[in-house]
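Reading through the structure tokens given below for one structure.
The values are calculated or read from the model by the stated rules, or taken from the named source; none is laboratory data. Not measured: the values here are computed from a predicted model. In this analysis, Cβ positions are derived from the backbone assuming ideal geometry, glycine residues included, and neighbour counts consider all displayed protein chains. We work out accessible area using only protein heavy atoms, side chains counted, and drop any ligands, DNA or RNA first. Shrake-Rupley method; radii C 1.70, N 1.55, O 1.52, S 1.80 Å.
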2 protein chains.
Amino acid sequence: MAEEVVQNKVTFKGYIDDIPKETDMELKLSNLELNPPPQGSAAILVKNLYLSCDPYMRGRMRDFHGSYIPPFVPGQALEGFGVSKVIHSDNPNYKPGDFITGFTGWEEYSLIKRTEQLRKIQPDDRIPLSFHVGLLGMPGFTAYAGFFEVCSPSKGEYVFVSAASGAVGQLVGQLAKLHGCYVVGSAGSKEKVDLLKNKLGFDEAFNYKEELDLNAALQRYFPHGIDIYFDNVGGDMLDAALLNMRIHGRIAVCGMVSQQSLSKPLGIYNLFNLISRRIRMQGFLQSDYLNLYPRFLEDVSNYYKQGKIVYIEDMNEGLESAPAAFVGLFHGKNVGKQVIRVAHE
Amino acid sequence: MAEEVVQNKVTFKGYIDDIPKETDMELKLSNLELNPPPQGSAAILVKNLYLSCDPYMRGRMRDFHGSYIPPFVPGQALEGFGVSKVIHSDNPNYKPGDFITGFTGWEEYSLIKRTEQLRKIQPDDRIPLSFHVGLLGMPGFTAYAGFFEVCSPSKGEYVFVSAASGAVGQLVGQLAKLHGCYVVGSAGSKEKVDLLKNKLGFDEAFNYKEELDLNAALQRYFPHGIDIYFDNVGGDMLDAALLNMRIHGRIAVCGMVSQQSLSKPLGIYNLFNLISRRIRMQGFLQSDYLNLYPRFLEDVSNYYKQGKIVYIEDMNEGLESAPAAFVGLFHGKNVGKQVIRVAHE
Ligand SMILES: NC(=O)c1ccc[n+]([C@@H]2O[C@H](COP(=O)([O-])OP(=O)(O)OC[C@H]3O[C@@H](n4cnc5c(N)ncnc54)[C@H](OP(=O)(O)O)[C@@H]3O)[C@@H](O)[C@H]2O)c1
Ligand SMILES: NC(=O)c1ccc[n+]([C@@H]2O[C@H](COP(=O)([O-])OP(=O)(O)OC[C@H]3O[C@@H](n4cnc5c(N)ncnc54)[C@H](OP(=O)(O)O)[C@@H]3O)[C@@H](O)[C@H]2O)c1
């Protein structure tokens, strides 16, 4: 007889237009038999260890089917990147005890039918498992592909990163430093600014919430202007950066977290600078660069093991903490990469 | 004794913040002795034949010294691209009777001291001299460099051009057609739309002034979306195009003539599409590509002589018509490239 468990799930209540609230999600208990997946299904049953809270998930809470990823299904568990341990497998590529990372449910155990996009993790004592949704997962890869493939960086260039202490931003800044750039980050608290300067090796950092005039702030930190703006936030900061770009500057448009929850985004007024300064503004999705993933894994794992980079996680304990942690992203509550520990390894 | 003439000049009255008006310029008479330039000056004295009216000149009417080109000097003649005939020369590269094109004054005769950027014209019966400020001049080169170097076009792609019947736009559309693209243009009158469809070979064209909803108009003309938007106007049309770009689309940001005369530009609200559709938005100035000028001259002259492209000029007669013609650019009065004939060849 299969073991029967009572498991917790975080379900999606229904489509929203506003900034996410904890009440948009609901914790539900359900019974589950830990049966092996049906023969021929090629599915795997996993125990989820870590779940990732990512800003893009906000987009899946809208009733909009035209995006690169479909919306969540009301009443069902949320879905996101996770690190999981295989319990049962009907798939020759996975065996019980394997660690995997990829899309899974916001629940304790998940039956994963679409296994093509999973990645098997080779356990390594020197690298925490949870890093596979952060430093070595989608956010880290976004930093890597975005910085090297989109920003066309050169040694000595002036780089600005917004949401700089976050999952993506902290790696962008460190990669830029390793590349020989001068790097300034913005973040939303004194604690984050201190981390940027003292732990993450940024040359300078500032708390944008304490700046009345973002243009003046950027002028202060970039008296010679910005060569590369890695934009995680959009909105006013993007508009101010446009005023401070250097000739032939590049803006990697990675995210617009400041706009994601506004029903009408803020207007951007300074695009004329694109012409006079010959700026390239490039939107990108990390998923377009997946062919680079093996090189990324190797490069960034090595940097980490050699102590050349660090990575800050914000670890919440227990699935029940997930809704608040997710909502917290949009208020800057997370300090570093936001992860939920669902179960201990 | 040198011949003495009374010449007309169009002088710049003073800095403006608003849309240019005829009264921002003044016609002045002055006496001039047609002396040879001083020995050792390397200057040339020219008779101006054609002057070009270009939207960027509006930027030189602002009291702003941080741009890629300095402002006009109040009280002095305006300056712009022209086609001129050499009368006297102290420069071994030019002799009386030569035709040249480059920066000259808005006056009948000019003493040109900075001759480095002039280009000597090889007269060719099959190519009107005035084309050297249009099809074969800066606007034509802008179309060529902007389309081939910035848009990364492929055969079969969907191309949208705004201000499509203008000096730049009409060539962009024709080059795109020659390249095997599907091309739609927008312009501000029925007459221009007819020219686009019947003379310039665009697949479709529409009068944006008759569209209440630019997004709906673009959806109608591009049911599969836009691969390349060659943007001459900025503002609302850019915002609507952002909603209609295809994945991996490109926007060449050439000009923002709709915004150039507004003291505060309109906001742009749809930049989020840059990310979800991975769009590259690239501002450019033709002057960054001048190394391609010889190839451009050869290619486009040949296309023209072979009848593969046409070029529409709007020719005004006499220097005294220049202020109104220049102002007319910002009201869409010009039909095709706006040129002033100062004197007959
Ligand atoms: N293009 C892609 O393929 C791709 C992939 C992954 C992520 N992204 C994008 O990258 C960005 C960063 O993602 P992440 O995972 O690294 O998230 P994160 O930075 O770890 O967390 C989000 C952070 O955004 C900041 N923020 C929240 N609301 C804001 C507001 N109104 N204005 C300014 N900042 C605000 C907060 O930091 P502060 O306290 O500093 O404000 C918050 O901590 C997001 O926009 C995300 O959508 C894009
Ligand atoms: N980046 C570069 O290196 C470079 C070089 C040359 C030119 N440019 C830019 O390219 C654009 C086209 O220049 P051009 O020489 O070819 O000029 P043009 O199109 O021959 O003349 C300007 C045209 O702009 C349109 N226009 C005027 N006001 C407008 C408004 N409020 N909204 C929309 N359209 C408006 C009018 O056409 P309609 O009747 O169709 O509205 C007008 O005929 C300009 O923005 C210019 O600044 C850039």
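See the values below:
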quantity: Spin-label pair B:GLU3/B:SER263, simplified geometry with 7 Å Cα→Cβ offset, distance in nm; calculated: 4.8 nm
quantity: Region A:25-117 - Rg and Dmax from Cα coordinates, angstrom; calculated: 13.9, 38
quantity: Most mobile of B:ILE100, B:ILE228, B:ILE121 in a GNM of chain B (Cα contacts under 10 Å); calculated: B:ILE121
quantity: Extent along principal axes [Cα atoms of chain A; Å; largest to smallest]; calculated: 70, 43, 34
quantity: Stokes-Einstein diffusion coefficient of region A:251-295, Kirkwood radius over Cα pairs, 10 °C, 1.306 mPa s, in µm²/s; calculated: 121 µm²/s
quantity: Accessible surface ranking that places the most exposed of B:CYS254, B:CYS181 first, with a 1.4 angstrom probe; calculated: B:CYS254, B:CYS181
quantity: Cα centroid of region A:316-334 to Cα centroid of region A:288-315, whole Å; calculated: 24 Å
quantity: Charged-residue dipole, Cβ positions (Lys, Arg, Asp, Glu), region B:67-147 about Cα centre, Debye nearest 20; calculated: 140 debye
quantity: Restraint check, A:LYS28/A:LYS333; A:LYS21/A:LYS199; A:LYS190/A:LYS333; A:LYS192/A:LYS305, Cα-Cα greater than 21 Å; calculated: A:LYS28/A:LYS333; A:LYS21/A:LYS199; A:LYS192/A:LYS305
quantity: Viscosity 0.890 mPa s, 25 °C: Kirkwood-radius Stokes-Einstein D of region A:155-237 over Cα pairs, µm²/s; calculated: 200 µm²/s
quantity: FRET efficiency, B:ASP17 to B:ASP236 (Cβ-Cβ, R0 25 Å, nearest 0.05); calculated: 0.70
quantity: Label-point separation, B:ASN291 to B:VAL310 (7 Å along Cα→Cβ), nm; calculated: 3.7 nm
quantity: Centre separation in Å (Cα based) which lies between region A:75-92 and region A:119-186; calculated: 26 Å
quantity: P(r) weight above 17 Å for region B:209-345, C-alpha pairs, percent; calculated: 72 percent
quantity: Projected label distance in nm at A:HIS331 and B:SER154, using a 7 Å step from Cα toward the beta-carbon; calculated: 4.6 nm
quantity: Peptide A:264-272, shielding by other chains (average Cβ, 10 Å cutoff); calculated: 6
quantity: Volume of the Cα convex hull of region A:88-156, divided per residue and given in Å³; calculated: 136 Å³
quantity: Theoretical FRET efficiency, 1/(1+(r/R0)^6), r = Cβ-Cβ of A:ILE247 and A:ARG220, R0 22 Å, to 0.05; calculated: 0.60
quantity: Point-charge dipole on Cβ atoms (K/R +1, D/E -1) for region B:276-345, about Cα centre, debye to 20; calculated: 580 debye
quantity: Whole-number D in µm²/s for the protein assembly as shown (Stokes-Einstein; Kirkwood sum over Cα pairs; 10 °C, 1.306 mPa s); calculated: 56 µm²/s
quantity: Helix-only mean residue ellipticity at 222 nm for chain A, each DSSP H run of n ≥ 4 adding -39500 (n - 2.57), per residue, nearest 500; calculated: -5500 deg cm²/dmol
quantity: For A:60-71, mean number of other protein chain Cβ atoms within 10 Å; calculated: 1
quantity: Candidates A:PRO323, A:PRO128, A:PRO139: whichever shows maximal mean-square fluctuation once chain A is modelled as a Gaussian network with Cα springs under 10 Å; calculated: A:PRO128
quantity: Mean separation of Cα contacts under 8 Å, 6 or more apart, over the residue count of region B:83-192: relative contact order %; calculated: 18 percent
quantity: Given charges at Cβ of Lys, Arg, Asp, Glu: region B:11-74 dipole, positive-most of B:LEU45, B:LEU27, B:PRO55; calculated: B:LEU45
quantity: Share antiparallel - DSSP beta bridges, the protein assembly as shown, percent rounded to 5; calculated: 60 percent
quantity: GNM flexibility winner over chain A from A:GLY225, A:GLY328, A:GLY40 (Cα, springs under 10 Å); calculated: A:GLY40
quantity: Given charges at beta-carbon only (K, R positive; D, E negative), |dipole| of the protein assembly as shown in Debye; calculated: 860 debye
quantity: Debye log10 I(q)/I(0) for region B:71-187, one point scatterer per Cα, at q = 0.09, 0.14 Å⁻¹; calculated: -0.34, -0.72
